[in-house]
1. Within region 142-167, which residues are of a type outside the set (D, E) and free of Cβ contacts under 8 Å to residues at least 12 places away in the same chain?
2. Given the options G96, G11, G106, name the one that is touching a residue at least 12 places away in the same chain (Cβ under 8 Å) and open to solvent by less than 20 Å² (accessible area, probe 1.4 Å).
3. Restricting the search to region 142-166, which residues are in a loop (DSSP other than H, G, I, E, B) and open to solvent by 80 Å² or more (accessible area, probe 1.4 Å)?
4. Listed residues I194, I169; which is at pLDDT 95 or above, among the β-branched types (V, I, T) and open to solvent by 20 Å² or more (accessible area, probe 1.4 Å)?
5. If A42 passes every condition in (1) under 20 Å from T112 (Cβ atoms); (2) in contact (Cβ under 8 Å) with a residue 40 or more places away in the chain; (3) more than 14 Å from the chain's Cα centre (by Cα); (4) open to solvent by less than 40 Å² (accessible area, probe 1.4 Å) but one, which one does it miss?
6. Answer yes or no as to whether K178 is among the basic types (K, R), open to solvent by 80 Å² or more (accessible area, probe 1.4 Å) and at pLDDT 95 or above.
7. Since V139 meets every condition but one in (1) open to solvent by less than 80 Å² (accessible area, probe 1.4 Å); (2) touching a residue at least 60 places away in the same chain (Cβ under 8 Å); (3) farther than 22 Å from G91 by Cα, which condition does it not meet?
8. Among the residues of region 167-206 satisfying the criterion of being in a strand (DSSP E or B) and not hydroxyl-bearing (S, T, Y), which is farthest from R108 (Cα to Cα)?
Amino acid sequence: MNYELIFLAAGQGKRMNAQKNKMWLDLVGEPIFIHALRPFLADNRCSKVIVVCQETERKHVEKLMQQLHVAKNRIEIVKGGKERQDSVAAGLGRCGNESVVLVHDGARPFVTIDIIDRLLSGVKENKAAICAVKVKDTVKRVIDNLVQETVDRENLWQIQTPQAFELHILQKAHQLAKEEQFLGTDEASLVERIPWPVASVQGSYYNIKLTTPEDMPLAKAILGELGENY
């Protein structure tokens, strides 16, 4: 099953205290951007990558694509929006060659082909699929620094990207969100409102999102652990 990828790289890195887009931070000799994009470029099923970035960084993305020898007809660069949802919508506007679209946060540099395989199986069966891992820690609801309750974690999952959808499903979800001025935290939260059931497939505890400075040493350790398997 072929697919198109919306690759989100328009962040500003505020929580990373990086003074620049965290996509360009070095992770063991290469920017996070390349680590996160590489598995998709290596996947022949990925027919097109729509990179959503800040307009001021377009030339930098183009230069990296040339260095990676990516065919020009396989990459399209579009300007990101104010919110993540706006950036995905901008990417959606450039999709249409395939019936399936994946959306991935460029701040997750440890996606594997196995995860992509499971997502494509999920979207084939259900038209919408996300990857996730079970919550391991005890979770408590806290208000004004006071614990209100301990939440049952039995059915709690941490949601990751990529997320996979049949194109028409995601387009419909975004259109409804726009009409109702709803701002979701991920694509699945929009699809759930159509409503359409979203399947969950196994993600990976390695598939972390790099958000704060504390995440960078962990990312280096993960690279060391994965080694040639990455």
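The values are calculated or read from the model by the stated rules, or taken from the named source; none is laboratory data. Quick caveat: nothing in here was measured; it's all calculated off a predicted structure. Here the Cβ positions follow ideal geometry from the backbone for every residue, glycine too, while neighbour counts run over all protein chains shown. The protein model used for the area step is the full one, side chains on, heavy atoms only, and it has no ligands, DNA or RNA in it. Shrake-Rupley method; radii C 1.70, N 1.55, O 1.52, S 1.80 Å.
1. Scanning region 142-167 gives V142, I143, N145, L146, V147, Q148, N155.
2. G106 is the lone residue from the list that is touching a residue at least 12 places away in the same chain (Cβ under 8 Å) and open to solvent by less than 20 Å² (accessible area, probe 1.4 Å).
3. Hits for region 142-166 are D144, N145, D152, R153, E154, N155.
4. It is I194.
5. Result: A42 passes all but (4).
6. Answer is yes for this residue.
7. (2)
8. Filtering region 167-206 for residues that are in a strand (DSSP E or B) and not hydroxyl-bearing (S, T, Y), the one farthest from R108 (Cα to Cα) comes out as A199.
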